[in-house]
Amino acid sequence: MNDYLSGLAERAEKNNPPSAGDYVGDDGLLRCGVCGAPKQAEIDGVKVACICDCKKAEREREAERKRQADNDSRRKLCFTSPLLETYRISDADNTKSAELARRFIQHWPKMKEDGTGLLLWGNVGTGKTFIAAAIANAVIDSGESARMRSTGEIVLELQGSQDKMGIINAICGPSLLVLDDLGAERDTAFGAEIIYTVIDRRYQTGRPLIVTTNVPLQEIKAETDSGKSRLYSRILDRCIPVFVDGPDRRKAEGTERLKRARELFGMGP
């Protein structure tokens, strides 16, 4: 056993050589010259190298830097707009829909396991895209992958592609998929079939889907068109409807921007 420990101690010392300033403490163990913590532990009379406090902190910082770099890479793949990368649920208004989004994030492991998503519906500019992007960012921060695309972007991307299924598989592959602005895509047979294929692929894999739309829930439930009806049925089977209410944020923000610009140019209100 001592031979084994001696070999272990030799390898550990080789991987963690003493640094300038290290010293031997009163206990006979090598100590770090920076933090003073032991760089050795004694096991059955054999001194084995160990990691001191400052080295441990350095490794933790390096691990955190790597985690952040990995998250940044996942964020670039998730979003097509740098602005969406900045959205966080902590910055959301104190509304019922934002609280439900926080609960979704809190219970994300269970949502993922059950394949449960959200249908965020409401009027234009009420913050549906903000909430959806904030959830996607929270999933990425947890170390998992997400993808967010508007339905119009998907249709345009696939329209000229020779590898449509390859693109669909890439879109549907991440742990969370967000389809933004359902119903805003061009009302063509091609567009309808593409969006149905994406949602059906997601449905079949059992992975969570978040959909945002301006289409009222009552209209979704009462849809009689067979093509749209089969699309909506899959969404409603897996997504919890959440009404996102409030004033048109985009209009208010646009008005404030114009007001600031007019002030800069010395113009009246």
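The values are calculated or read from the model by the stated rules, or taken from the named source; none is laboratory data. Nothing here was measured: the structure is a model prediction, and the numbers come from that model. Here the Cβ is made from the backbone with ideal geometry for all residues, glycine too, and neighbour counts use every protein chain on show.
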Answer yes if at least one residue in region 215-222 is within 20 Å of K112 (Cα to Cα) and in contact with a helix residue (DSSP H, G or I) (Cβ under 9 Å, 6 or more places away or on another chain), and no otherwise. no
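Rundown of residues vs (1) over 19 Å from the mean Cα position of the chain (by Cα); (2) more than 20 Å from K76 (Cα to Cα); (3) among the charged types (D, E, K, R), yes/no style:
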residue	(1), (2), (3)
F130	no, no, no
G152	yes, no, no
C172	no, no, no
D187	yes, yes, yes
Q204	yes, yes, no
Exactly one condition in (1) at pLDDT below 95; (2) within 30 Å of I167 (Cα to Cα) is false for A57; which is it? (2)
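List the helices (runs of 4 or more DSSP H) inside region 33-116, counting only whole elements, that have at least 1 residues being crowded, with 17+ Cβ neighbours inside 10 Å and outside the structural domain of F130 (by TED's automatic domain parsing).
Result: 53-78.
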